[in-house]
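Note sheet for the following structure.
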């Protein structure tokens, strides 16, 4: 019995140690890049969920103020119902990697690349895009979004979504 407890505990610890979302990228070179079509594919892959895309920069004061609220919301909403995706416009992967470690961001963060800014129409950060369960853009907000405001919007979108199997 005791051996089973140790083995199960070790397996759980190992799973969390190697899971990319738990540890974050190992180094700046491991931060994945995303272009506009990559974002479209990510949103399509999350169909059936509400998807929150936070476009930010590590050097942006309003972004730095907004992200703790997103971290809280990620904890409060089931990943079966709401997907959070961060997209950084940082030019330096090292600065982003350092910031992600400081903030303990609990959702995937990608680095904007190629045509991302032009095709998404992003002209300022922070910018928040929220898609409903069908993948339709419901909210496009430029500037800081307060945690309570986004929580209310997510609850409203989830209320209108059909139950997930």
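The values are calculated or read from the model by the stated rules, or taken from the named source; none is laboratory data. Being a predicted model, the structure only gives us computed values, none of them experimental. Don't worry about glycine lacking a Cβ; one is built from the backbone with ideal geometry, like all the others, and counts go over all protein chains shown.
Restricted to segment 72-113, and to residues that are touching a helix residue (DSSP H, G or I) at 6+ places or on another chain (Cβ under 7 Å), in a helix (DSSP H, G or I) and at pLDDT 95 or above, which residue is nearest to residue 43 (Cα to Cα)?
Result: 73.
Just need a number here: residues in segment 77-89 that are within 13 Å of the chain's Cα centre (by Cα) and either touching a residue at least 60 places away in the same chain (Cβ under 8 Å) or more than 25 Å from residue 50 (Cα to Cα) (or both).
Matching residues across segment 77-89 total 2.
Kindly provide the set of residues from segment 143-165 that are outside any loop (DSSP other than H, G, I, E, B) and within 17 Å of the chain's Cα centre (by Cα), ordered by number.
147, 150, 151, 153, 154
Out of all the residues in segment 7-28, is one or more more than 14 Å from residue 107 (Cα to Cα) and either surrounded by 12 or more Cβ atoms within 10 Å (Cβ to Cβ) or modelled with pLDDT of 95 or more (or both)?
Yes, because at least one residue in segment 7-28 is more than 14 Å from residue 107 (Cα to Cα) and either surrounded by 12 or more Cβ atoms within 10 Å (Cβ to Cβ) or modelled with pLDDT of 95 or more (or both).
Within the set of pairs 6+ apart or on separate chains, which have a first residue in segment 90-102 that is touching a residue at least 24 places away in the same chain (Cβ under 8 Å), a second that is buried (at least 19 other Cβ atoms within 10 Å of the Cβ) and assigned to a helix (DSSP H, G or I), and C-beta atoms under 6 Å apart?
Between residues of segment 90-102 that are touching a residue at least 24 places away in the same chain (Cβ under 8 Å) and residues that are buried (at least 19 other Cβ atoms within 10 Å of the Cβ) and assigned to a helix (DSSP H, G or I), the close pairs are 90/96.
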